[in-house]
1. Checking Glu137 against (1) over 13 Å from the mean Cα position of the chain (by Cα); (2) modelled with pLDDT of 95 or more; (3) of a type in the set (Asp, Glu), which test does it fail?
2. Select from segment 21-38 the residues that are of a type in the set (A, V, I, L, M) and either part of a loop (DSSP other than H, G, I, E, B) or farther than 30 Å from Thr82 by Cβ (or both) and list them in ascending order.
3. Condition check: surrounded by 12 or more Cβ atoms within 10 Å (Cβ to Cβ) and touching a Cys at 6+ places or on another chain (Cβ under 9 Å). Does Lys99 satisfy that?
4. Take Glu152 and decide whether it is closer than 20 Å to Ala25 by Cβ and of a type outside the set (Phe, Trp, Tyr).
5. Quick one: how many residues across segment 76-86 are surrounded by 19 or more Cβ atoms within 10 Å (Cβ to Cβ), part of a helix (DSSP H, G or I) and on the phi < 0 side of the Ramachandran plot?
6. Can you find a residue in segment 61-75 that is open to solvent by less than 40 Å² (accessible area, probe 1.4 Å), more than 28 Å from Ser180 (Cβ to Cβ) and modelled with pLDDT under 85?
7. Could you tell me which residue of segment 134-175 is nearest to Gly120 (Cα to Cα), considering only residues that are buried (at least 17 other Cβ atoms within 10 Å of the Cβ) and among the aromatic types (Phe, Trp, Tyr)?
8. Evaluate segment 103-124: report whether one residue or more is on the phi < 0 side of the Ramachandran plot, modelled with pLDDT under 90, open to solvent by 80 Å² or more (accessible area, probe 1.4 Å) and among the small types (Gly, Ala, Ser).
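The values are calculated or read from the model by the stated rules, or taken from the named source; none is laboratory data. Since the structure is predicted, the reported quantities are computational estimates derived from the model, not experimental observations. For neighbour counting, all protein chains shown are included, and Cβ atoms are generated from backbone atoms with ideal geometry for every residue, glycine included. To get the accessible areas, we keep the full protein, side chains included, count just its heavy atoms, and leave off ligands, DNA and RNA. Shrake-Rupley method; radii C 1.70, N 1.55, O 1.52, S 1.80 Å.
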Amino acid sequence: LLRKSCTINLITRDYIGNDLFADNAKSVDIKVKNEDKNEFLFQGYLEPNTFNQGFAMPLEEFSLNCVDFISTLQYEKYNGTTPDNYEQKKKSAKLTTFKEMLTTMFEGIDGTIYYDGSKGISANRTTSVFDDLAITETFLYGEDYDDCWTGEDVLNEMLKYLNLHIIQNGLDFYIFDWDSIVNKNTI
């Protein structure tokens with residue numbers, strides 16, 4: 001998992017802590033855009049529980065730490081599992097494809113996921129590898145809630161198994177093999 005982060009430095013007279021305190025991984029959405037080129041340079045979230053702003057100075061200078069979507073997966077259990085719904089999720093566990101897991105993890109993002117088509121179960125089935133491979137969710141839920149995998153765990157192990165990497169660039173995500181980059185193949 002290739003992660004990105006960004007730091008935004010601000011100076012203000014006003015108290016803005018109510019707007020910028022992030023109590024969870026996805027509570028404050030951050031988008032950095034180059035208006036001249038009309039392209040997003042970064043999309044992510046304010047790092048949770050890190051913002052603080054003083055009250056004493058007429059001007060306050062501070063930095064906002066931002067993390068990409070991939071980094072937020074470490075804070076969420078697989079498939080939106082919480083202590084309250086763990087037993088129900090585990091009982092309804094099924095065989096699920098890699099594509100279904102990716103779709104669930106990346107639900108609601110603004111960007112697109114691109115895949116270089118470098119892996120497959122056979123030479124003529126490389127573009128459908130995420131549809132062709134599956135795992136039982138029971139394994140991902142573990143013995144109890146504390147053993148339930150995070151989204152980061154699932155994505156990391158899935159890509160390790162396939163010897164692939166993922167990076168976020170602006171709004172989009174790219175899943176690729178290093179050989180694709182070395183050979184200058186397009187994704």
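1. All conditions are met except number (2).
2. Correct list: Ala22, Ala25, Val28, Val32.
3. no
4. yes
5. Number of matching residues: 1.
6. yes
7. Tyr174
8. Looking through segment 103-124, at least one residue is on the phi < 0 side of the Ramachandran plot, modelled with pLDDT under 90, open to solvent by 80 Å² or more (accessible area, probe 1.4 Å) and among the small types (Gly, Ala, Ser).
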